[in-house]
1. Being assigned by TED's automatic domain parsing to the domain that holds CYS17, on the phi < 0 side of the Ramachandran plot and within 11 Å of the chain's Cα centre (by Cα): is that true of LYS123 here?
2. I'd like to verify a number: residues in the range 133-158 that are buried (at least 17 other Cβ atoms within 10 Å of the Cβ) and of a type in the set (A, V, I, L, M, F, W, C), how many?
3. Please enumerate the residues belonging to the range 120-132 that are farther than 18 Å from TYR8 by Cα and either small (Gly, Ala, Ser) or surrounded by fewer than 19 Cβ atoms within 10 Å (Cβ to Cβ) (or both).
4. Could you please tell me which pairs satisfy a Cβ distance under 7 Å, a separation of 6+ or placement on different chains, a first residue in the range 16-27 that is more than 11 Å from HIS49 (Cβ to Cβ), and a second residue that is surrounded by 14 or more Cβ atoms within 10 Å (Cβ to Cβ) and modelled with pLDDT under 95?
5. Residue by residue through the range 1-58, note down the ones that are part of a helix (DSSP H, G or I) and either among the polar types (S, T, N, Q) or touching a Gly at 6+ places or on another chain (Cβ under 7 Å) (or both).
6. Have a look at LYS84, LYS78 and point out the one that is over 17 Å from the mean Cα position of the chain (by Cα), in the same structural domain as LEU132 (by TED's automatic domain parsing), surrounded by fewer than 17 Cβ atoms within 10 Å (Cβ to Cβ) and in a loop (DSSP other than H, G, I, E, B).
7. Checking the conditions here, which among LYS91, LYS173 is in the same structural domain as SER57 (by TED's automatic domain parsing), of a type in the set (Lys, Arg) and touching a residue at least 24 places away in the same chain (Cβ under 8 Å)?
Amino acid sequence: MNATLLKYLPENAVTPCLELIKANDVNLKIVNQRVTRHGDYRLMPDGSHQITVNATSNKYRFLITLIHEIGHLVAFEKFGRRIKPHGMEWKQTFQYLMLPFIRPEIFPSSLLPILAKHFRNPKASSTTDAHLSIALKAYDIPTDKIQVFELPSGSVFKLYNGKLFKKGQRKVKRYECVEISSGRVYLFQPHAEVEVVINK
C-alpha cells in the first residue's frame, strides 16, 4: 500500500494517510478516471468501508479527495447515517481531518492560502470552488480542453457526452449556455472543462 500511495500522494502525506486508512479500516480502491465524480464512500453489506478515488497524476487533488471521502466515513460513524452527506457534521469532520495536511511540506506555497480559504467552509466538491479548481488544474497534465470562462461569448463547445452548447452571458457566478439540439438553457460553472468546436 505504501508504494501505491506514494504514486498518488505527496510524499509527506503518505504516512498520515496510511494511518487514517488503517484506523478507519478502509478498503481503498483506485479506479480509472470518472467524469462525474472524483471519489466516493460506501458502507458495504458486510459492514466494511469502501472508498474509491480516481487515479490521477495530480497528487494534491487525490489527497483532497481521499480525505473528503474519509470525512464521510468518520462523520457517518460519529453522527449517524441520517446526517446530510455534505452537511455541517461532514464539513467539521473534513476540516478537522484536513487541517494537519495544509502545510508547506505537503502543498505548494501557491495553494496554501487558497486551501485555507476553502476549508473555512468546504464545498461538496473541490470543483464547485472556482478558485481552488483553477489552482489545482495547474498541477494536472495539460489537455486540449479549455474552461468555459476562457471562451469568447458565442463559442460552441462540446461536453464529454458529445452534447453541443453555445456560450452565453454570465449570470452571477455561472454562464448561461444554450444546448444546440434542444434550445434549452443550462448554467455552467466558469471552470467547467469543455472542448471547443467553433469560435465565432
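1. Criteria met by LYS123.
2. 6
3. Passing the criteria: ARG120, ASN121, LYS123, ALA124, SER125, THR127, THR128, ALA130, HIS131.
4. So the pair list comes out as CYS17/LEU5; LEU18/LEU5.
5. ASN2, THR4, ASN12, THR15 - these are the residues of the range 1-58 that are part of a helix (DSSP H, G or I) and either among the polar types (S, T, N, Q) or touching a Gly at 6+ places or on another chain (Cβ under 7 Å) (or both).
6. When all the criteria are applied, what remains is LYS84.
7. None of the other options fit; the residue is LYS91.
The values are calculated or read from the model by the stated rules, or taken from the named source; none is laboratory data. All values reported here derive from a predicted model rather than from experimental measurement. We place every Cβ from the backbone using ideal geometry, glycine too, and count neighbours over all the protein chains shown.
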